[in-house]
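Take a look at the structure set out below.
Please treat every number below as a calculation from the coordinates, not as lab data. Model, not experiment: these values are computed from the prediction. FYI the Cβ positions are ideal-geometry reconstructions off the backbone, even for glycines, and counts take in every protein chain you see.
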Amino acid sequence: MTYDFETSGSSGVMKFKGELVLEHAKKIKTALLESMGQMNNIAIDLKQVTQIDLSCLQVFCSAHRTFDTQKKVLSFVENGEGLIVQTLNQAGLMKNKACGLELDTACLWGGGS
């Protein structure tokens, strides 16, 4: 797993490549938290990801909640297709409504706020 971080003003895009699996979860978490300290708006690009597992999806979900509490935005460049949707569907986690937390933003996995 590798990632590039491109910034523009107070926004950035974190482009991940390769396998996002358990052994990389801590590195992903660290990268997201560091980016939160620098930026107000982070988009995650998973177009070049070849595999993703539930541990890394949980990291993204947790980061989304943390960003929300800091009044910052974490989102996906594309959230409609590919491995992430396949993994969520296989795990039964694809949502059609918000998770019930009092977030200011909609759930990363779909649904309303």
Run the numbers for residue 90 and residue 33: contour at 0.36 nm per residue of separation, minus the present Cα-Cα distance, in nm. 17.7 nm
Using alpha-carbon coordinates alone, the radius of gyration and Dmax of the range 1-78 in Å work out to 11.4, 32
Between residue 7 and residue 66, what FRET efficiency comes out of the Förster formula 1/(1 + (r/R0)^6) with R0 = 22 Å and r the beta carbon distance, rounded to 0.05? 0.70
